[in-house]
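The values are calculated or read from the model by the stated rules, or taken from the named source; none is laboratory data. This is a predicted model, so every value here is computed, not measured. Cβ: placed from backbone, ideal geometry, glycine included. Neighbour counts: every protein chain shown. What goes into the accessible areas is simple: the full protein's heavy atoms, side chains included, and nothing from ligands, DNA or RNA. Shrake-Rupley method; radii C 1.70, N 1.55, O 1.52, S 1.80 Å.
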Amino acid sequence: MRIDLSQQVALVTSGTAGIGLAIAQGLLEAGAKVVITGRTAATVEQAVAQLQQAVATADVLGLVENAAT
């Protein structure tokens, strides 16, 4: 089944590793623009680079944000 999320924007908190990163990648593959958050600039930058490499058409923005506090 193909889900078309083009023209949609998704926010994935804690999207720099694990299931959050996998969800972000799936949303990008479905055509969504994705915003991910993480606790440090280094992890956010690394995750954005990883997503851009995994999905050629990735429109992804990373924000440093600690959702726990």
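Brief remarks on what is shown
- Simple label model, 7 Å out from Cα along Cβ direction - A42 to A56, nm: 3.3 nm
- 3J(HN,Hα) from dihedral phi, segment 8-18, Karplus parametrisation 6.51/-1.76/1.60, rounded to Hz, x for glycine, proline: 10, 10, 10, 10, 10, 6, 6, x, 9, 7, x
- Sorted largest first, extent of the chain alpha carbons per principal axis (Å): 36, 23, 19
- Estimated from helices alone, the mean residue ellipticity of the chain at 222 nm is -12000 deg cm²/dmol (sum of -39500 (n - 2.57) over DSSP H runs with n ≥ 4, per residue).
- Applying 1/(1 + (r/R0)^6) with r as the Cβ-Cβ distance of A68 and S6 and R0 = 30 angstrom yields a FRET efficiency of 0.40.
- Relative contact order, whole percent, for the chain stands at 33, derived from Cα pairs under 8 Å and 6 or more residues apart.
- List E45, E65, ordered by accessible area with a 1.4 Å probe, largest first: E45, E65
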